[in-house]
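Colleague: Quick one: the structure is below, and I'll ask about it shortly.
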Amino acid sequence: MDVKRVKDYLYWLYYQYQLVTCSYVLEPWEQSMFHTITVTVLAMVAYTAYVFVPIHVRLALEFFSQIFGPQPEGAV
């Protein structure tokens with residue numbers, strides 16, 4: 001894969017991010033604060049999902065396995 005094409009694509013993605021968030025109109029120090037807060041929030045969401053989603057999925061599976069668990073052999 002061509003490095004220049006990858007670099008151009010990443011620059012295009014960053015430009016799209018700036019357009020969507022309207023951060024291109026901010027001053028440089030405001031942009032750095034905005035990006036820092038955005039990255040921090042996304043990191044916290046990813047960490048929370050990594051820690052708590054598997055626990056909730058396991059609990060949901062246990063709950064539904066109790067409700068729809070094995071049926072007695074005589075019931076058809």
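The values are calculated or read from the model by the stated rules, or taken from the named source; none is laboratory data. Just so you know, these numbers come straight off a predicted model, no measurement behind them. Cβ placement follows ideal geometry from the backbone for every residue including glycine, while neighbour counts extend to all protein chains displayed. Note: accessible area is taken over every heavy atom of the protein model, side chains too, but ligands, DNA and RNA are not part of it. Shrake-Rupley method; radii C 1.70, N 1.55, O 1.52, S 1.80 Å.
Colleague: If each residue of separation counts as 0.36 nm, what is the full-extension length gain between T40 and L13 once their alpha-carbon separation is subtracted?
Modeller: Roughly 7.8 nm would be gained on extension.
Colleague: Also, I was wondering about something else. Consider the candidate values (1) 15, 23, 21, 16, 12, 11, 1; (2) 15, 22, 21, 16, 12, 9, 5, 0; (3) 16, 36, 29, 11, 6, 1; state which one is P(r) over Cα pairs in 10 Å bins from 0, in percent computed from the structure displayed.
Modeller: Checked against the structure: label (2).
Colleague: Next question, about the same structure. Starting from the Cα-Cα distance between V3 and Q31, subtract it from 0.36 nm times their residue separation and give me the gain in nm to one decimal.
Modeller: Full-extension gain reported as 7.4 nm.
Colleague: Could I ask something else about it? Could you list the GluC sites (Glu not before Pro) in the chain that lie in coil according to DSSP, counting only those with at most 10 other Cβ atoms within 10 Å of their Cβ?
Modeller: E73
Colleague: With all protein chains present, how much of the accessible area of the chain (probe radius 1.4 Å) comes from carbon and sulfur, to the nearest whole percent?
Modeller: Reported share for carbon and sulfur atoms: 72 percent.
Colleague: Report the chymotrypsin sites (Phe, Trp or Tyr not before Pro) located in the stretch 16-54 that are in a DSSP loop and have at most 11 other Cβ atoms inside 10 Å of their Cβ, or state none.
Modeller: Sparse-neighbourhood loop chymotrypsin sites (Phe, Trp or Tyr not before Pro): none present.
Colleague: Against the longest principal axis of the chain, how steep is helix 28-67, in degrees 0 to 90 to the nearest 10, with axes from Cα atoms?
Modeller: Long axis of 28-67 versus the principal axis of the chain: about 10 degrees.
Colleague: Could you state the accessible area per residue of the chain in Å², with a 1.4 Å probe and every protein chain left in place?
Modeller: Heavy-atom accessible area per residue stands at 94 Å².
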